[in-house]
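The values are calculated or read from the model by the stated rules, or taken from the named source; none is laboratory data. Since the model is a prediction, treat every value here as computed from it, not as a measurement. With ideal geometry, Cβ positions are generated from the backbone for all residues, glycine too; neighbour counts draw on all protein chains shown. Please note that ligands, DNA and RNA were not included when accessible areas were found on the heavy atoms of the full protein model with its side chains. Shrake-Rupley method; radii C 1.70, N 1.55, O 1.52, S 1.80 Å.
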Amino acid sequence: FNLGIHAFKSCMDNTEQPPTTDRSQKIEQLLDSANSASETVAALHVGFLAFVAYLGVIVWGTSHEDLLRISPVKLPILDVDLPLTAFYNFVPWMLVLLHFNLLMQLELLSCKLWNLDRDLPDNEVGQQIRDRLFIFPFTHLIVGRSRVQLIRWLLSLVVGLTVIALPLFILLAAQIRFLPFHDEAITWSQRLAVWIDAIMLITLWPLIASPQDRAMEWWQHSAYRLLGYWPSSLK
């Protein structure tokens, strides 16, 4: 009789094992997909920051004499001299375009990360899988679940500054720096670039930061999301 019970339990264990194996395989596939996408977006993020830094150097280095002389600016990579007026008219829109591309890539990446986060168990095994995530602040902000409150806050700060605040700040700085030139058409072009960039952030960031693209739910708690965003609170 005992042997029969033991055989019955073994049979039940064997029938329950495949779903666990299937779930593990699914998590591994989600992890590989998330890491691959994170690596791509991380490289795009670094390139975007390099462009923003270059623009910032030009803006801060522009003097009233440069505006008066309309001194040329050498574009990186292309190695082409661009008149200062053309630079201040064209480059802000290039920044808006690159920022839009980065936000769209983050939205696609966030879908993969939220899917992985939903399937990961809240135990030691799940944490071990989270530790294997690609080292990208945005990725660890959503899935990493660091136990240290300071680390979570710093991740929020890094993502908030580099993705949200810095592009808008540089666009505004470029507009302010160019004001002494008194070119109404270029000034309005710069204003439009700032407004469009702000609209992009208002529209896309809640979708990126919400587990199931629930923008309204994100806006209901926008103050907390902006100052101390932690994805687990969205569930």
List residues of segment 80-118, by number, whose backbone nitrogen lies under 20 Å from a label position 7 Å along Cα→C-beta of Ser71. 80-92
Which percent of the accessible area of segment 24-104 is formed by carbon and sulfur heavy atoms (probe 1.4 angstrom)? 66 percent
5 angstrom amide H check on Leu82, placed H, neighbours 5+ away: Val73, Lys74, Leu75
Tell me, what HN-Hα J-couplings in whole Hz come from the Karplus equation 6.51 cos²θ - 1.76 cosθ + 1.60 at θ = phi - 60° for each residue of segment 152-160, using x for Gly and Pro? 4, 5, 5, 4, 4, 5, 4, 5, x
How large is ³J(HN,Hα) for each residue in segment 125-136, as worked out from phi by the Karplus curve 6.51 cos²θ - 1.76 cosθ + 1.60 (θ = phi - 60°), to whole Hz, x for Gly and Pro? 5, x, 5, 5, 5, 4, 5, 8, 5, 4, 6, 9
Angstrom value of the Kirkwood radius, inverse mean 1/r, which spans all Cα pairs in segment 52-191: 17.8 Å
FRET efficiency for Asn115 and Met200 from the Cβ-Cβ distance with R0 = 30 Å, rounded to 0.05, comes out at 0.80
For Leu49 and Asp22, what is the calculated FRET efficiency with R₀ set at 45 Å and r taken between the beta-carbons, to the nearest 0.05? 0.65
